[in-house]
Structures are given as structure tokens and as C-alpha cells.
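This report concerns only the one structure given below.
Taken together, the values in this text are just the output of simple stated rules run on the coordinates, not laboratory data. As the structure is a computational prediction, the values presented were derived from the model and not from experiment. Neighbour counts are summed over all protein chains in view; Cβ atoms, including those assigned to glycine, are modelled from backbone coordinates with ideal geometry.
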Amino acid sequence: MSVELNHTIIHSRDNRESAEFLAHILDLEVGAEWGPFIPVEVSNGVTLDFATVPAGSITVQHYAFLISEAEFDAAFAKIQAAGISYWADPQRRHPGEINHNDGGRGVYFPDPSGHGMEIITRPYGYQEDDAA
């Protein structure tokens, strides 16, 4: 059996708010509450289990999602329409911009708990030769 990531727990101030935020931006479904978790499953079967914890105990994490060009257009339009701040880089030196790393597009934005979300249309290190 090959090793696959199955799920991860994302600490949040409000598990429902954070799960619905990400699901809306990425056009995903919010699953049924399971114990203390609100799950959001991505297309490769990994489940993001959002759990409410005290705000002071949240350590900000980074989550990157590889999406298609069409999905990027839709997600980025939602980010802009909601007035969510965004940056071309994780250090937040290029506000209001997207990047074009590796021949694709990418953008960073915060979720309601302050986690650094990223959407990209090409994996890091992607080269056109990789597509052949």
C-alpha cells in the first residue's frame, strides 16, 4: 500500500465559519459535523477537519491548493468580491497582486482564523517538459 495523507485537523476560532469559508472559495462541500470536527474533503480524498479551539492557542499554518486555471478564476473572483486581502507572496510584500510562478498563477489570502491559504495553478518547480 502506498502512503497517502488521509486527513488533517485545522484549528480554528469557529469550525463552521472556517469550513464554510474554504468550501465557498474552492467550490467544495462541507461535510456533516463529526464529533468536534467540520470536514471539507478535497478532490484527492484528503479531508480537512476543522476544529474550534481557543483563539490564543491557534498556531497559524499554511495550506496550499493546486487548482485548474478555471477554478483559479472562480476562486479569485470570490476572494475579490468578498474584499479579502490577498498577496502575490507569503511574506505579504506584494499586496493586491497575484504571482505567475512556474508559468501558472498563485495568490495568498487569510482564512477567518488567520491561516495562510494559497491557491496555485502549477506545482512548485513545474516545467513545461513535465506536462509531456
Computed, not fitted: 222 nm per-residue ellipticity of the chain from DSSP H runs ≥ 4 (each -39500 (n - 2.57)), nearest 500, equal to -6500 deg cm²/dmol
Distance in nm between label sites at residue 70 and residue 92, each 7 Å beyond Cα in the beta-carbon direction? 3.4
What is the distance in Å between the Cα centres of the stretch 78-132 and the stretch 26-40? 24
Which of 44, 101, 15 moves most in a GNM of the chain, Cα contacts under 10 Å? 44
In the stretch 25-132, what chymotrypsin sites (Phe, Trp or Tyr not before Pro) fall in a loop by DSSP, with at most 13 other Cβ atoms inside 10 Å? 124
Once both axes come from the Cα atoms, what is the angle between helix 69-81 and the longest principal axis of the chain, in degrees from 0 to 90, rounded to 10? 60
So what are the three principal axis dimensions of the stretch 72-132 from its Cα atoms, in whole Å, longest to shortest? 38, 24, 19
Amide H proximity to residue 10 below 5 Å, modelled H, separation 5+ or other chain, gives 49, 50, 51
Grab the alpha carbons of the stretch 27-89, take their convex hull, and tell me the volume per residue in Å³. 136
Throw me the Rg/Rh for the chain, computed over C-alpha atoms with Kirkwood Rh, two decimals. 0.97
Cα axis of helix 15-26 to longest principal axis of the chain: angle in degrees, 0 to 90, nearest 10? 20
